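The values are calculated or read from the model by the stated rules, or taken from the named source; none is laboratory data. Predicted model only: the values in this text are computed from it and were never measured. No Cβ is skipped: glycine too gets one built from the backbone with ideal geometry, and neighbour counts run over all protein chains shown. What goes into the accessible areas is simple: the full protein's heavy atoms, side chains included, and nothing from ligands, DNA or RNA. Shrake-Rupley method; radii C 1.70, N 1.55, O 1.52, S 1.80 Å.
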Amino acid sequence: MERKIGYLGPEGTFSWKAAQAVIETEKRSIIPFFSFWEGMQFLVERKADEILLPIENSSGGGIEEVISLLRRMPEDLRIEKEIKLSIEQYLLVLNGSKISDIEKVFSMGKIFGQCRKFLNERKIICQAVESTIKAAELVVKENNKRTAVIGAEWLSEFFPELEVVAKINDNSSNTTRFILIGRENTERTGNDKTSIILSVYNKVGALVEVLEVLRNFGINMTMIVSIPTGKQLGDYDFLIDIEGHILDKNIKEALTAIKEKTTSLKILGSYSVL
């Protein structure tokens, strides 16, 4: 039976594009889900064999809702792969409109932060919706030449009523990092990461002690994000990504040492980086 990968839909989103990149090299089909929570349920209930989630953007930082889901992820699930997608944001207008006509734009909320210079210079009103596809649908339905969409260039293929007039993201190297979550243990490739979530003791320097372990074992940390536990104000867990695989001797020994310095340690997976 063909394996299924779930992605944040609908068709035409950046998550859809990242899923397309995965199935180019592996024979699998893709199915949409419409919230991060629903995606995790797809996996738990085995409606999908794997799901693809965006976890970090080079301009906007970590995606909090996804990171919170990882903290509650069932023990039989793990990160299997990382996929990076170059993100270019375009202004799409109704056919015949000009940039100077635009007073209001629709897109996903996080995207506005990636185009702040363009939006601020023109004092354009921003309205957030759940997806760039939804934004395009709204602009086409309203048929108001003073409104536009911020999203991927390929949106014009889904909506012939729209045309691309400018690339507007602030950072030319804007990239989103996606993780593929499933149930497979991955082999070491030599280009791997390991993700962990940990809780530290409530004492001065507790987190520093953990970071010192990584330094002492010569391990490079590529990401650290604090996650509110919800227990009380100022109480956090930490998501940490490190270079290397759990099968590497120094990673295995470092994690053993870290476990002794934390109140809990959850290994989310060791996985290859594409």
Computed over the stretch 195-274, Cα set: Rg, Dmax in Å: 12.5, 38
The stretch 66-114 - Debye-derived log10 I(q)/I(0), Cα point model, q = 0.16, 0.24, 0.28, 0.30 Å⁻¹: -0.72, -1.05, -1.16, -1.20
Acute angle (nearest 10 degrees) that the helix 14-25 long axis makes with the longest principal axis of the chain, alpha-carbon atoms: 60
Average Cα contact separation per residue, the stretch 34-143, under 8 Å, 6 or more apart, as relative contact order %: 20
Too-long pairs where the Cα-Cα distance tops 18 Å, listed order kept, from Lys117/Lys141; Lys81/Lys249; Lys193/Lys249; Lys4/Lys84; Lys98/Lys123; Lys47/Lys134: Lys117/Lys141; Lys81/Lys249; Lys4/Lys84; Lys47/Lys134
Mean accessible surface per residue for the chain, computed with a 1.4 Å probe while every protein chain stays in place, in Å²: 50
Antiparallel DSSP beta bridges within the chain, percent to nearest 5: 75
Reachable aspartates and glutamates from Lys110, criterion Cα separation under 15 angstrom, eight or more residues apart if same chain: Glu56, Glu64, Glu65, Glu88, Glu130, Asp170
Dimensionless Rg ratio for the chain, taking C-alpha atoms and the 2.2 N^0.38 Å reference: 1.11
The stretch 43-94-the stretch 185-225 distance, computed between alpha-carbon centres (Å): 20
Trypsin sites (Lys or Arg not before Pro) within the stretch 1-76: DSSP coil, no more than 14 neighbouring Cβ in 10 Å: Lys27, Arg46, Arg72
Accessible-area composition of the chain, carbon plus sulfur, in percent [1.4 Å probe]: 49
